[in-house]
Amino acid sequence: MNTKTENMPSLADFEALLSEFDVAPQIRENEIAVGKVLEVNKDYVLVDIGFKSEGRVSLSEFANMSGKIEVAAGDTIEVLVESREDDSGRCVLSKEKADRRKIWKQLSVKADDNILVRGVIRNRIKGGLNVDLGGVKAFLPGSQVELRPTRNLDKYIGQEYAFKIIKFDESRGNIVLSRRALLEKERDALKTKTLQKLSEGALIEGIVKNITDYGAFVDLGGIDGLLHITDMSWGRVTHPAELFNVGDEIQVKVLKFTAEKERVSLGYKQLTPDPWQGAEKRYPEGIQVLGRVVSLIDYGAFVELEDGIEGLIHISEMSWTKRIEHPSKVVEENDIIEVVVLSLDNDSKKVSLGMKQINPNPWTLLEERYPVGTRILGKIRNITDFGVFIGIEDGIDGLVHISDISWTQKIKHPSEAFKKGDEIEAVVLNIDVDNERFSLGIKQLEPDPWEAIPSRYPPGKVVEVTITKIAEFGAFAEIEDGVEGLIHISELSNERVEDPSHIVKVGETHKAEVISVDAKERKIALSIKSWSRRASSGEHRHYSDEGSPNAQLGDLLKGKLGDLSSEAMMEEE
């Protein structure tokens, strides 16, 4: 027998050996293979994929969402062949990449067939959000999150939604999603149904979608309506957030609907009756009620009598006697106070209220306690250009006008005669309850000296006077303390006088004759010329009767000199 022939392998052995080499080429890199788990170690999983050597998969790739390892020996799994052989001669496999590739294929089919996908928003990234589609990352632009752009993207993190794939590029690993497209489709379907039931006066359910300073937008189902702040409550609303929160389910009333522009105006307060209906019966004039101070302004305070009805307490209605500089000196916001209804206008929806009317008007009592002619003693609380105020009672002052200080003295300013804090006596002249004015007089403590002037200084009487002031039209001369007369320029000399200062000087004393006296106007006309003429002719008798030359002359000069005297006094003041 040929030994060489005996040592050669049989045909069957050769075919078996060849079959091993035929399997190996079926395992290609970057492709998915089916394998069997042979062993699970602490760091890796040993997998048989039918290659000449087993492959390893990192144990971490078998962890679920909670971190628990889900694999056991004998399991059949799909893996991606990353490398047929590493330095140790084993295959490099990946279960995660195999799973991801399967997901990509599924997503590709859904993208082509326009099928929705579900995913969980993981975190915020530049321009939008990162979405996990079962192990594949996708990008959700900020503009595609809601129907309207939203600034607060963080609130979507961790939420699961359905999305539409609007861009798919497996080669670049790029998937772009849209949630807005789904919402628009849902909104259009809801809008069709909502438009059918929208009409003015209709009651409809809605969800508060957005809140602004001027109102709230309510989603009525595919279409939004505006609930303006003025239609939220019959009462005062500073900001819509006081009544509503985003997400609140509320019932509203359709106030106005424009189908062409799809604009809807809504009302909430209209679900309840207008509180102004019958308000005049609930709040008649003079009734005392409790209210809450809701707002303070410079000229008063607004008080809420009930939800939707507010009244104004003017600052002048807060105290009978005290001068209130600002309402905050008397009340504060949220104070519960008692007020009196002064008036109510239902048409203009205005209520006038008073606080001081809770107590009796002290001015009505003054007339009883201080009748005209009563003498009082009080301290000067204030001095003004026009007079002095004397304290009568707490919060009530009486005014002594500058014209009622003296019968005879010309006082330019009350401070010439008094100072604050002086205690003085005065007479009650008048009490005006309606205007809350208390008039006093000091000069009225004594008789009016001018009542006796005509009898003491009849026309024709010669008096000695002192020149007190010189004017273009003549000179003023003092007859006695506080009593002055006017010597007209024509009565200074027998000669024509161009300048009175050439004839008389301030402080000089002269004899003059009384020409006329007007006690009502407090004016006396004097003449140096007349006295000089009579003195030189030896005439010393007095002409006091109406027919005397002096009396006739006085009548002629009375009006002219009186007018000039008034003008001079006005200039002097």
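Taken together, the values in this text are just the output of simple stated rules run on the coordinates, not laboratory data. These numbers come from a predicted model, not from an experiment. Ideal geometry is used to build each Cβ from the backbone, glycine not excepted, and the neighbour counts take in all protein chains shown.
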message = With just the Cα atoms defining each centre, how far is the range 357-423 from the range 188-242? Give it in Å.
response = 63 Å
remark   = Tilt, helix 528-537 to longest principal axis of the chain (alpha-carbon atoms), in degrees rounded to tens, equals 10 degrees
query = log10 I(q)/I(0), Debye, Cα-only the chain, no solvent, q = 0.07, 0.10 Å⁻¹?
reply = -0.78, -1.02
request  = State to the nearest 20 debye the size of the charge dipole of the chain about its Cα centre, where the only charges are +1 on K and R beta carbons and -1 on D and E beta carbons.
outcome  = 1740 debye
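What is the range 275-429's relative contact order, in percent, from Cα pairs under 8 angstrom and six or more apart in sequence?
Details: 278 pairs, mean separation 30.3, N = 155.
Here the relative contact order equals 20 percent.
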request  = Check each of the GluC sites (Glu not before Pro) in the range 440-521 and keep only those in coil by DSSP with at most 13 other C-beta atoms within 10 angstrom; list them in order.
outcome  = Glu472, Glu495, Glu498, Glu508, Glu521
Per-residue [θ]222 nm for the chain (sum of -39500 (n - 2.57) over DSSP H runs n ≥ 4, rounded to 500) = -5500 deg cm²/dmol
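Can you tell me how much longer the chain between Glu249 and Val294 gets when fully stretched, taken as 0.36 nm per residue apart minus their C-alpha distance, in nm with one decimal? Could the numbers behind the result be given before it?
Details: separation 45, 0.36 × 45 = 16.20 nm, distance 2.85 nm.
That works out to 13.3 nm of additional length.
To make sure I understand, if each residue's beta carbon is the centre and we count other beta carbons within 10 Å, what order do Met355, Met65, Met318 fall in, fewest to most? Could you put the intermediate results ahead of the total?
Values: Met355 22, Met65 6, Met318 18.
Result, fewest neighbours first: Met65, Met318, Met355.
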key: Gained length - Arg323 relative to Gln106, 0.36 nm times residue gap less alpha-carbon distance   = 69.7 nm
ask   = Which order, highest average first, do 262-274, 220-232, 143-155, 100-112 follow once you tally other Cβ atoms within 10 Å for each residue and take the mean per peptide?
value = 220-232, 262-274, 100-112, 143-155
note = Once the dipole of the chain is set up from charges on Cβ (+1 Lys and Arg, -1 Asp and Glu), the residue from the list Ile157, Leu59, Gly119 lying farthest towards its positive end is Leu59
query = All other residues with a Cβ under 12 Å from the Cβ of Ala63 taken together, and with Lys, Arg as +1 and Asp, Glu as -1, what is their net charge?
reply = -1
query = Per-residue HN-Hα couplings for the range 463-470, Karplus 6.51 cos²θ - 1.76 cosθ + 1.60 at θ = phi - 60°, whole Hz, x for Gly and Pro?
reply = 10, 9, 10, 10, 5, 10, 7, 10
note = If unit charges are put on Cβ atoms (+1 for Lys and Arg, -1 for Asp and Glu) and the dipole of the chain is taken about its Cα centre, the option from Pro275, Ile32, Val131 lying farthest towards the positive end turns out to be Ile32
request  = Along Cα→Cβ, 7 Å out, is where each label goes; now give me the distance between the ones at Val462 and Ala519 in nm to one decimal.
outcome  = 2.6 nm
key: Estimated vicinal HN-Hα couplings, Hz - the range 158-172 in sequence order (Karplus 6.51, -1.76, 1.60; Gly, Pro = x)   = x, 8, 9, 9, 8, 9, 10, 7, 9, 8, 9, 9, 5, 4, 9
message = With the crude spin-label approximation of a point 7 Å out along Cα→Cβ, what separation in nm comes out for His239 versus Leu38?
response = 7.0 nm
Computed FRET value (nearest 0.05) for Lys419 with Glu498, which takes r as the C-beta separation and R₀ as 30 Å = 0.10
ask   = What is the distance in Å between the Cα centres of the range 307-332 and the range 134-153?
value = 55 Å
ask   = Lys/Arg Cβ at +1, Asp/Glu Cβ at -1, dipole of the range 362-445 taken about the Cα centre: which of Ile392, His413, Leu440 is farthest positive-ward?
value = His413
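Report the Stokes-Einstein translational diffusion coefficient (µm² s⁻¹, integer) for the range 252-369, Rh taken as the Kirkwood radius over Cα pairs, at 20 °C with viscosity 1.002 mPa s. Numbers along the way, then the final one.
Numbers: Rh = 16.4 Å.
Estimated via Stokes-Einstein, D reaches 131 µm²/s.
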Per-selection metrics, the range 156-201 (Cα): Rg and Dmax in Å = 16.6, 58
query = Between Lys52 and Glu393, how many nm apart are label points set 7 Å from Cα along the C-beta direction?
reply = 12.4 nm
